[in-house]
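Since the structure comes first, as structure tokens, the remarks are kept for the end.
Values in this text are rule-based calculations from the coordinates and carry no lab data. Here the structure is a predicted model, which is why all the values come from computation and not from measurement. Reconstructed Cβ throughout: ideal geometry from the backbone, glycine too, with neighbour counts over all protein chains shown.
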Amino acid sequence: MEISTELEDNVRQTLKKINLNKKEKILVALSGGKDSTTTAHLLKKFGYTIEGFHIDLKIGDYSERCLRAVERLCKDLKVELHVYDIKNETGSGMCYLRSAIQSNKKLKNCAICGVIKKWVFNKEARRLNADKIATGHNLDDEAQTFLMNISKGSPKLSANTGPVTKNVSDKKFIPRIKPLYYIAEEGIKKYSKNKKLPVVYDKCPCALDSYRIQVRKFTDTLSKNEKLNIIKNFEKLSKKINRGSINICYCETCGEPARKKICKRCELMK
Ligand code: AMP
Ligand code: ZN
């Protein structure tokens, strides 16, 4: 079967598995990279109701190129694009925010950026009345995250992840979906090039998370089937370590859904 058809069929099956409804409003978190660009392209192609959402992180020339790519994509797909300018919203770009946080907390670049982005996605998706948030996470990302959680001794950290978030139901929490959950990175790269999608192929210049880079070196040696085995076995395992529904409270500082009194983002910004 042609690689494009195989990838498209696979994503269709994932969307069917999670019962995604064509009338739901899906906000696609667009970074400008190949994964989220392919996600938006496919959701639109399959007739889902989507809008684009981009966080302009203000990381110099890299962010400028990402912004131009998502603008091009949304124009081509004829979908509305919402841009969240981190400097306008918080007074600083991501580099400055991160260094300020790192001056008293020992945390990796990507971990900080990830917490802030997730917080923005939820808050903005709710403001924009979206039913779901779609991200471009792929099979490689998920296999790496699972292996990282296992080797840190916290497999439970993976328990709520999947092609759709599990065990959280709260009126202020917008569920996240990952349509490319079962697709290996290499296939997405080929697909996006084949379809000539507007993509920034460079990695974020701040992605210096040495632990993930190390785990990636290992997952890069695995075949697609081996990566799928990691995820499928994780799915079997997750039913056993499932903690049941998660108790959500609202952050005392920002009012966003949280697991503790203060959400992870406000904990960082303190
Ligand atoms: P990352 O954590 O950078 O690997 O990104 C994971 C997913 O988050 C991407 O596939 C996108 O869906 C989303 N994402 C990352 N960066 C941005 C951004 N600057 N704006 C909007 N969405 C983003
Ligand atoms: Zn908070």
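Straightening the chain between Glu267 and Ser169 buys 33.0 nm, computed as 0.36 nm per residue apart minus the Cα-Cα spacing. For the stretch 21-61 and the stretch 209-270, what is the separation of their Cα centres, given in Å? Cα centroid to Cα centroid, the span is 21 Å.
Per-residue 3J(HN,Hα) values for the stretch 38-50, derived from phi via the Karplus relation 6.51 cos²θ - 1.76 cosθ + 1.60 with θ = phi - 60°, read 5, 4, 5, 4, 6, 4, 5, 4, 7, x, 7, 8, 10 Hz in sequence order (x marks Gly and Pro).
Suppose R0 equals 22 Å. What FRET efficiency, 1/(1 + (r/R0)^6) with r the Cβ-Cβ distance, do Asn247 and Lys25 give to the nearest 0.05? For Asn247 and Lys25, the calculated efficiency is 0.20. Share of Cα-Cα pairs in the stretch 126-270 beyond 29 Å, in percent? The share of Cα pairs beyond 29 Å in the stretch 126-270 comes to 25 percent. Between Asp56 and Tyr84, Asp85, Ile86, the built amide H atoms are under 5 Å apart, and every one of these is 5 or more places off in sequence or on another chain. Calculated mean residue ellipticity, 222 nm, the chain: -15500 deg cm²/dmol, from DSSP H runs (n ≥ 4) at -39500 (n - 2.57) each, averaged per residue and rounded to 500. FRET efficiency for the pair Asn88 and Glu6, taken as 1/(1 + (r/R0)^6) with r the Cβ-Cβ distance and R0 = 35 Å, rounds to 0.25.
For the stretch 1-103, the gyration tensor built on C-alpha atoms gives a prolate shape. Its axis ratio a/c (a ≥ b ≥ c) is at least 1.5, and a/b is the larger of a/b and b/c.
For the stretch 129-137, 3J(HN,Hα) computed residue by residue from phi via the Karplus equation (6.51, -1.76, 1.60; θ = phi - 60°) reads 6, 7, 8, 9, 10, 10, 10, x, 3 Hz, glycine and proline entered as x.
In the P(r) worked out for the chain, what percent of Cα pairs fall beyond 23 Å?
Values: 19648 of 36315 pairs.
Across the chain, Cα pairs with separations above 23 Å total 54 percent.
For the stretch 102-116, the Karplus equation 6.51 cos²θ - 1.76 cosθ + 1.60, evaluated at θ = phi - 60°, returns couplings of 6, 5, 10, 9, 8, 9, 6, 3, 5, 5, 5, 4, x, 5, 5 Hz by residue, with Gly and Pro reported as x. Label the stretch 75-163 by shape, choosing from rounded, prolate and oblate, from the square roots a ≥ b ≥ c of the eigenvalues of the Cα gyration tensor; if a/c is under 1.5 it is rounded, and otherwise prolate applies when a/b is larger than b/c, oblate when it is not. Cα axes put the stretch 75-163 in the oblate bin. Taking trypsin sites (Lys or Arg not before Pro) across the stretch 66-163, the ones in a DSSP loop with at most 15 further Cβ atoms lying within 10 angstrom of their Cβ are Lys78, Lys105, Lys106, Lys152. Among beta bridges identified by DSSP and lying wholly in the chain, the antiparallel ones come to about 15 percent.
Max-minus-min Cα coordinates of the stretch 112-211 on each principal axis give 40, 37, 26 Å, with the largest extent listed first. Classified by the C-alpha gyration tensor, the stretch 193-270 has an oblate form. Its axis ratio a/c, with a ≥ b ≥ c, is 1.5 or above, and a/b does not exceed b/c.
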